[in-house]
Each structure stands twice: as C-alpha cells, then as structure tokens.
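Peer 1: First, the structure itself, so that you have it in front of you.
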C-alpha cells in the first residue's frame with residue numbers, strides 16, 4: 001500500500017514517431033476505446049474490492065496478534081529495519097491486489113491484444129498490465145517467521161526471504177497510459193469515461209494514502225516494529 005499508489009498515478013511521457021506501415025487512425029481509435037473501457041472497468045472493480053480487502057487485512061492483523069505479538073519489539077530504527085517494514089507493505093499489497101486478481105486478469109487479457117501505431121503506447125499498456133498481474137500474484141510473506149528470525153539474530157541479519165520479496169516488489173513498476181497520450185485517438189464518447197475513471201483513480205489514491213498508511217501502521221504496531 002504505502003508508496004505503491006504510484007501504480008495508478010499517470011506519468012508524462014513523450015510521444016514517439018509512428019513507424020512506417022503502422023496501424024491507421026481507425027486502429028488507434030479502436031485500441032484506445034478498448035483500453036479506456038477496460039481501465040474504467042478495472043477502476044470500478046478496484047473500488048468494489050476495497051471493503052473485502054480491508055476485512056482481510058483486519059483478519060491478518062488479528063492473526064499476527066495471536067501468533068507473534070510484538071515479535072520485533074526492541075529492534076533498531078535504521079536502514080536495515082526498513083527492509084522488514086517494507087515487507088509488511090508487501091503483505092498489504094498481496095492482500096489488496098489479490099482481492100482484485102480476477103478483474104486484473106480480465107484487464108490484462110484485453111490489453112494484451114491491443115496495439116497502437118505508436119509503439120510507446122503499446123509498451124506502456126502491456127507493461128502496466130504485467131505490473132498489475134505481478135502485484136496480484138504476490139505471495140503473502142511469513143511475517144511472524146521472518147520477524148522472529150530477524151529478532152533471533154539480535155536484529156543483525158535480515159532474513160533471505162524478506163530481501164528476496166523486497167527486491168521482487170521493487171521491480172514491479174508500471175503506469176497506466178497518460179490521458180494526454182490517448183487524447184488524440186479518443187472518440188467523443190470516450191471523454192466522459194476518461195473523466196469518470198480519473199475521479200475513481202483519485203478516490204482510490206486517497207484511500208490508499210490514508211487507509212493504507214493506517215493499515216501499515218497497525219501491522220507494525222502489532223509486530224512491535226518501527227516505521
């Protein structure tokens with residue numbers, strides 16, 4: 001949750017030059033329309049998955065409270081401890097993106113068949129879909145086991161499983177196609193859908209920022225870890 005809201009925050013990227021023999025304007029418009037529709041459905045599904053994901057996160061916190069309360073208490077607050085705290089974030093992403101795995105798979109299936117005359121758009125769209133699929137497939141880490149292992153080492157050695165997961169998650173970076181790049185190919189009917197999607201994304205970003213931070217802080221407190 002923390003920091004991963006950048007997945008849905010648009011980035012400004014330059015338009016490339018369409019290669020010779022590329023799709024015509026009608027092909028670009030069709031791909032754009034399909035992408036806009038799929039992205040809207042994905043955003044609506046993400047909004048619907050917030051409550052179920054939150055219930056699972058609360059259940060995870062209760063489980064940690066039963067199995068390993070304050071397991072990391074007394075640990076340092078330094079760069080190494082941040083790796084453990086980041087693993088807690090990964091656990092939250094595993095739950096939240098996992099709750100929307102069905103809609104993410106549907107989005108990726110649609111996007112994988114789309115292409116534009118500008119290869120930059122095709123690349124962004126497909127990479128974004130792969131990033132979401134990667135997040136939805138994140139395994140739930142063994143937080144109790146890893147925090148206990150770290151504590152048993154006198155807080156000197158970060159578990160290998162923690163380091164591997166952190167590295168894997170750090171590599172999952174992608175962004176939806178910026179609206180300004182799609183605009184030249186939009187149909188008039190697409191504009192209202194783009195506006196609705198933008199509102200949904202803004203709402204989701206606020207939720208992830210506020211609720212996500214509170215969830216992260218809650219799990220850290222249960223495990224006795226520093227931020």
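Residue by residue, here is whether (1) closer than 30 Å to residue 188 by Cα; (2) at pLDDT 95 or above; (3) exposed (fewer than 15 other Cβ atoms within 10 Å of the Cβ); (4) under 22 Å from the mean Cα position of the chain (by Cα) holds:
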{"residue": "23", "(1), (2), (3), (4)": "yes, no, no, no"}
{"residue": "42", "(1), (2), (3), (4)": "yes, yes, no, yes"}
{"residue": "57", "(1), (2), (3), (4)": "no, yes, no, yes"}
{"residue": "63", "(1), (2), (3), (4)": "no, yes, yes, no"}
{"residue": "79", "(1), (2), (3), (4)": "no, no, yes, no"}
{"residue": "87", "(1), (2), (3), (4)": "no, yes, no, yes"}
{"residue": "92", "(1), (2), (3), (4)": "no, yes, no, yes"}
{"residue": "102", "(1), (2), (3), (4)": "yes, yes, yes, yes"}
{"residue": "108", "(1), (2), (3), (4)": "yes, yes, no, yes"}
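Peer 1: Now a separate question. Among (1) surrounded by fewer than 20 Cβ atoms within 10 Å (Cβ to Cβ); (2) over 22 Å from residue 49 (Cα atoms); (3) touching a residue at least 40 places away in the same chain (Cβ under 8 Å), there is one condition residue 149 misses while meeting the rest; what is its number?
Peer 2: Tallying (1) surrounded by fewer than 20 Cβ atoms within 10 Å (Cβ to Cβ); (2) over 22 Å from residue 49 (Cα atoms); (3) touching a residue at least 40 places away in the same chain (Cβ under 8 Å), residue 149 fails exactly one: (3).
Peer 1: With respect to residue 176, determine if the residue is modelled with pLDDT of 95 or more and buried (at least 17 other Cβ atoms within 10 Å of the Cβ). Let's see the steps before the verdict.
Peer 2: On the way: modelled with pLDDT of 95 or more: no; buried (at least 17 other Cβ atoms within 10 Å of the Cβ): yes.
Considered against the rule, which asks whether it is modelled with pLDDT of 95 or more and buried (at least 17 other Cβ atoms within 10 Å of the Cβ), residue 176 comes out as no.
Peer 1: Mind checking whether some residue in the range 152-162 is in contact (Cβ under 8 Å) with a residue 40 or more places away in the chain, in contact with a helix residue (DSSP H, G or I) (Cβ under 7 Å, 6 or more places away or on another chain) and surrounded by fewer than 20 Cβ atoms within 10 Å (Cβ to Cβ)?
Peer 2: Scanning the range 152-162 turns up at least one residue that is in contact (Cβ under 8 Å) with a residue 40 or more places away in the chain, in contact with a helix residue (DSSP H, G or I) (Cβ under 7 Å, 6 or more places away or on another chain) and surrounded by fewer than 20 Cβ atoms within 10 Å (Cβ to Cβ).
Peer 1: May I pose another question? Suppose we filter 169, 210 for residues that are in a helix (DSSP H, G or I) and in contact (Cβ under 8 Å) with a residue 12 or more places away in the chain; which single one remains? If you could, list the steps in order and put the result at the bottom.
Peer 2: On the way: 210 fails: in contact (Cβ under 8 Å) with a residue 12 or more places away in the chain.
Within the list 169, 210, the selection yields 169.
The values are calculated or read from the model by the stated rules, or taken from the named source; none is laboratory data. Every value quoted in this text rests on a predicted model; they were computed, and no experiment measured them. Reconstructed Cβ throughout: ideal geometry from the backbone, glycine too, with neighbour counts over all protein chains shown.
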